[in-house]
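Before any comments, here is the structure.
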Amino acid sequence: MEADFTVQNCGTVWQFLPVSAAAYDFSHAELGLEPWQWMGASFVIDHRPAAALAQQLSDEGWTLRAA
């Protein structure tokens, strides 16, 4: 089974790649991301709240895989 998100710690930012269509739709509709946070199909989050976002996604039932 493929993960819903692939997550990569890039130092000052973490990169989240929504892999499943549901994760992509959720990211656009529910996360309140700014257009500048999107880099192609991935979005980036400052490292300070990134771990909390990853935990929240996991708690909500999304599957995450480290890149």
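The values are calculated or read from the model by the stated rules, or taken from the named source; none is laboratory data. From a predicted model like this one, the values you see are computed outputs, not experimental measurements. Methodologically, a virtual Cβ is constructed for each residue, glycine included, from the backbone with ideal geometry; neighbour enumeration extends over all protein chains shown.
Among the residues of this structure, Asp4 counts as one that is of a type in the set (D, E, K, R) and within 10 Å of the chain's Cα centre (by Cα).
Scanning region 29-67 for residues that are outside any loop (DSSP other than H, G, I, E, B), closer than 19 Å to Glu2 by Cβ and free of Cβ contacts under 8 Å to residues at least 40 places away in the same chain yields Ser42, Phe43, Ser58. Restricting attention to region 35-53, the residues that are over 14 Å from Cys10 (Cα atoms) and aliphatic (A, V, I, L, M) total 3. Checked against the criterion of being out of contact with any helix residue (DSSP H, G or I) (no Cβ under 8 Å at 6 or more places or on another chain) and charged (D, E, K, R), region 4-11 has no qualifying residue. A single entry from Gln37, Gln8, Gln55 fulfils the requirement of being closer than 15 Å to Ala67 by Cα, surrounded by fewer than 17 Cβ atoms within 10 Å (Cβ to Cβ) and at pLDDT 95 or above: Gln8.
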